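Participant: Please find one structure pasted underneath; my questions will follow.
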Amino acid sequence: MAQDSLHRYLFDGVSVRGELVQLSNSFEQLTCSKEYPAPIKNLLGELMVATSLLTATLKFEGSITVQIQGDGPVPLVVINGNHDQVLRGTARWHGELADDITLQDMIGKGQIVITIEPEKGERYQGIVGLEGETLQECIEDYFERSEQLKTRLWLRTGDVDGKNHASGMLLQVMPDGQGSDEDFDHLAQLTDTVKNEELFTLAAEDVLYRLYHQENVKVFEPKNVTFKCTCSRERSASAIAAIERQEVEKMVVETGNLKLHCDYCGTDYEFDSVDIKAIFDQNSPSSDSMH
Ligand SMILES: [Zn+2]
């Protein structure tokens, strides 16, 4: 597989739609900024896949942030994705984690917060309790509550020849009310037979053919999925400009420079006293006039 991608498809005549996402490079890039313990890395992979599947259902330009929060040793796992399938994310944890730790033991008492932010319009937030045993059950639960549409998800992570993979599928009854439970259950049973190895190593067309060759499937143009953070030195500078000048100058005197850290990608942006002076002189016309 050359590129990380998302395929959407439709079963003609039965009002069920599907999505298949296959990630490798973006998964590796997103998880290489910290020394994530294996169970967190897997959870980040599953959450990337789930977020990619969710953003593909957006009918407008915008982004979705899926946050798993709790009081356990892993208090936060978050992925943000937009309509162009650009993903970023991070996780926090403390202490050692056993390799076979469960989702519940990692997160503790917790919830999943899904924030949908259109570029134009109101933001929407949905919250589901972390009641399912797996992330896929929790997200299925979210879909059934928020959209009242029968939905199934498959989220898989693993590695092949040392390369990390995160893949998944989604099946959903179309909102036109024409889809029957029987058709949906039949397609879900076929999808249940998908093997990790197939998801990780085969081209999307081949995975779909193996699963659904007796069905009438229409596959749409795929979308590339990439990891990229939207942070920048400019954005960090405007964040500094929003703080009181004296406050910032005091911090620079105390520590030599000001460091802003991006939690999503791990980049540090450093500003020394000359940079700070430039930021405030540029952003504040009134201070210019005093020279
Ligand atoms: Zn960043």
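Participant: How charged is the neighbourhood of LYS195? Take every other residue with its Cβ under 15 Å from the Cβ of LYS195, and add Lys/Arg as +1 and Asp/Glu as -1. If you can, show how the numbers build up before the last one.
Facilitator: Details: positive: ARG156, ARG210; negative: ASP159, ASP192, GLU197, GLU198, ASP206.
Summing Lys and Arg as +1 and Asp and Glu as -1 gives -3.
Participant: Place a +1 charge on the Cβ of each Lys and Arg in the chain and a -1 charge on the Cβ of each Asp and Glu, then give the dipole magnitude about the Cα centre in debye, rounded to the nearest 20.
Facilitator: Result for the chain is approximately 540 debye, rounded to the nearest 20.
Participant: Helix 135-147: angle to the longest alpha-carbon principal axis of the chain, degrees 0 to 90, nearest 10?
Facilitator: Here the helix axis deviates by roughly 90 degrees.
Participant: Please compute the net charge surrounding ASP159, taking Lys and Arg as +1 and Asp and Glu as -1 over other residues with Cβ under 13 Å from its Cβ.
Facilitator: Net charge around ASP159: 0.
Participant: Kindly write out, for the stretch 71-79 in residue order, the coupling ³J(HN,Hα) from the Karplus curve 6.51 cos²θ - 1.76 cosθ + 1.60 (θ = phi - 60°), rounded to whole Hz, with x marking Gly and Pro.
Facilitator: In residue order, the calculated couplings are 9, x, x, 10, x, 8, 10, 9, 10 Hz.
Participant: Using Cα pairs under 8 angstrom and six or more residues apart, how large is the relative contact order of the stretch 59-195, in percent? Let's see the in-between values first.
Facilitator: On the way: 218 pairs, mean separation 22.9, N = 137.
That works out to 17 percent.
Participant: What accessible area per residue, rounded to a whole number of Å², is obtained for the stretch 233-288 using a probe radius of 1.4 Å?
Facilitator: In whole numbers, the stretch 233-288 has 66 Å² accessible per residue.
Participant: Once the other residues with Cβ under 15 Å from the Cβ of VAL207 are scored (Lys, Arg +1; Asp, Glu -1), what is the net sum?
Facilitator: Details: positive: ARG8, ARG156, LYS195, ARG210; negative: ASP4, GLU19, ASP192, GLU197, GLU198, GLU205, ASP206, GLU215.
With Lys, Arg at +1 and Asp, Glu at -1, the neighbours total -4.
Participant: Now for a different question. Of the peptides 261-268, 64-71, 29-36, 168-175, how do they stack up when ordered by the mean number of other Cβ atoms within 10 Å, highest first?
Facilitator: Details: 261-268: 15.1, 64-71: 19.6, 29-36: 17.4, 168-175: 21.5.
Order by mean packing, descending: 168-175, 64-71, 29-36, 261-268.
Participant: When only alpha-carbon atoms count, how far does the stretch 233-288 stretch along each of its three principal axes, as whole angstroms with the largest first?
Facilitator: Each principal axis gives a Cα extent; for the stretch 233-288 these are 35, 23, 16 Å.
Participant: Also, quick follow-up: What cysteines in the chain have no other cysteine with a beta carbon less than 4.7 Å from their beta carbon?
Facilitator: CYS32, CYS138 - these cysteines have no disulfide-compatible partner (Cβ-Cβ under 4.7 Å) in the chain.
Participant: Still on this model: Of SER26, HIS94, ILE40, whose Cα points farthest to the positive end of the dipole of the chain (charges on the beta-carbon: +1 Lys, Arg; -1 Asp, Glu; origin at the Cα centre)?
Facilitator: Highest projection toward the positive end goes to SER26.
Participant: Continuing with the same structure: For each pair in LYS109/LYS195; LYS41/LYS109; LYS195/LYS218, compute the distance between the two Cα atoms and list the pairs where it is over 30 Å. Please report the intermediate quantities before stating the final value.
Facilitator: On the way: LYS109/LYS195 32 Å; LYS41/LYS109 20 Å; LYS195/LYS218 22 Å.
LYS109/LYS195, as the Cα separations exceed 30 Å there.
Participant: Out of residues 5 or more away from LYS150 or on other chains, whose amide H comes under 5 Å of its own, with H placed 1.01 Å from N in the peptide plane?
Facilitator: VAL173
Participant: Which one, ASN224, ILE279, GLN214, projects farthest toward the positive side of the charge dipole computed for the stretch 155-291 from Cβ point charges (K/R +1, D/E -1)?
Facilitator: ILE279
Participant: Another question, if that's okay. Just to check I understand the Karplus step: with θ = phi - 60° and J = 6.51 cos²θ - 1.76 cosθ + 1.60, what whole-Hz values come out for the stretch 172-186, glycine and proline as x?
Facilitator: These are the phi-based 3J(HN,Hα) values: 8, 5, 6, x, 6, x, 8, x, 9, 4, 4, 4, 4, 4, 4 Hz.
Participant: Now, a different point. Rounded to the nearest 20 Debye, what is the dipole magnitude of the stretch 191-291 about its Cα centre when Lys and Arg each give +1 and Asp and Glu each give -1 at the C-beta?
Facilitator: The dipole magnitude comes to about 160 debye.
Participant: Find the centroid of the Cα atoms in the stretch 12-29 and in the stretch 209-278, then give the distance between the two in whole Å.
Facilitator: Measuring centre to centre over Cα atoms gives 26 Å.
Participant: Within the accessible area of the chain, what % is carbon and sulfur when the probe is 1.4 Å and the other protein chains stay in place?
Facilitator: 46 percent
Participant: I'd like the trypsin sites (Lys or Arg not before Pro) in the stretch 192-229 restricted to DSSP loop residues with at most 15 other Cβ atoms within 10 Å, sorted by number.
Facilitator: When the trypsin sites (Lys or Arg not before Pro) of the stretch 192-229 are filtered for loop state and at most 15 Cβ neighbours within 10 Å, LYS195, LYS228 remain.
Participant: Give me, ordered by chain and number, the residues 5 or more places off LEU130 or on other chains with an amide H under 5 Å from its own placed amide H.
Facilitator: GLY110, GLN111, ILE112
The values are calculated or read from the model by the stated rules, or taken from the named source; none is laboratory data. Worth saying up front: this structure is predicted, and the values here are computed from it rather than measured. Every residue, glycine among them, receives a Cβ derived from its backbone with ideal geometry; neighbour counts consider all protein chains shown. Remember, those area values only see protein heavy atoms, side chains included, never the ligands or the DNA or RNA. Shrake-Rupley method; radii C 1.70, N 1.55, O 1.52, S 1.80 Å.
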